[in-house]
């Protein structure tokens, strides 16, 4: 049975090298190595200085096109010292690869699924994340009026609750979690929350694989802006309840700013939905780092409940 993250096209390292060499001769000689893959893209490091992302699925093409269109503008308006993955090489579809692809400057850092960082050592990272999201969410939406809204219902609790409940039942039966009850309370709270329309510029997919950490345990950069849109900041603030342990949240929100109960409830549900998906994705890919971080995220969600 196929999973939603299965690819519909693949590119080998030799094929990627040839395509890059043909479209960007300025990069000759092209040294290349694989750097992993996500739901949407396969990633290569070229000449130890450029990251190239090739879409694995047709559905990912609009996401990479959105990055190409909006990230240069975001860089102009984002008053933050944190690096973002701004495109510098725009690859075109060809007979060798059917989709557009993009090259970005290499941001030196790793995600926490690649390097385990204990919860107690996340303090400085948490502060940097709060500062980054504050800067992002304060950008006037008038600068991005051509960008889309949330077209896939990221906070549609009623549409997603059954799937989340089914995953929780499986996790409880297989002793991944002790009990689904505290998570069901998060779902119920979100069901009872009225969602008001918001128009905040958000990253849209802000979780542990999409921000990179330096050796000194600070935030190096943020990547994968394909889900960037105008919508509810709760989508991004899920990170405050999954990556951030409960005893660091006061520090997080003292930097980011206060939020209302609606945002809190929806952010927690968003975090639950994403962590459930990531746990199953990690198991399918046999990626122990993703499994570990998804479990940490689930534990953080209920650590003060």
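Which ones in the stretch 37-49 are surrounded by 20 or more Cβ atoms within 10 Å (Cβ to Cβ) and assigned to a strand (DSSP E or B)?
41, 42, 44, 46
As an exercise: evaluate residue 108 against (1) surrounded by fewer than 18 Cβ atoms within 10 Å (Cβ to Cβ); (2) closer than 19 Å to residue 293 by Cβ and give the number of the one condition it does not meet.
(2) is the only condition that residue 108 fails.
Let me spell it out: the conditions are (1) touching a strand residue (DSSP E or B) at 6+ places or on another chain (Cβ under 9 Å); (2) assigned by TED's automatic domain parsing to the domain that holds residue 200; (3) crowded, with 17+ Cβ neighbours inside 10 Å, and residue 53 meets all of them except one. Which number is the exception?
(2)
Condition check: out of contact with any helix residue (DSSP H, G or I) (no Cβ under 6 Å at 6 or more places or on another chain), surrounded by 15 or more Cβ atoms within 10 Å (Cβ to Cβ), on the phi < 0 side of the Ramachandran plot and not in a helix (DSSP H, G or I). Does residue 154 satisfy that?
When the stated conditions are applied, residue 154 does not pass them.
Criterion first (under 21 Å from residue 209 (Cα atoms) and surrounded by fewer than 19 Cβ atoms within 10 Å (Cβ to Cβ)) does residue 164 satisfy it?
no
Give the residues of the stretch 171-189 that are in contact (Cβ under 8 Å) with a residue 60 or more places away in the chain, in a helix (DSSP H, G or I) and farther than 16 Å from residue 239 by Cβ, sorted by residue number.
Hits for the stretch 171-189 are 171, 182, 183, 185, 187, 189.
If I filter the stretch 76-103 down to residues being without any contact (Cβ under 8 Å) to a residue 60 or more places away in the chain and within 18 Å of the chain's Cα centre (by Cα), which single residue comes out as surrounded by the most Cβ atoms within 10 Å (Cβ to Cβ)?
Once the filter is applied, the top-ranked residue is 102.
The values are calculated or read from the model by the stated rules, or taken from the named source; none is laboratory data. Everything numeric in this text was worked out from a predicted model, so none of it was measured. A quick note on method: Cβ atoms are made from the backbone with ideal geometry, for glycine too, and the neighbour counts reach across all protein chains shown.
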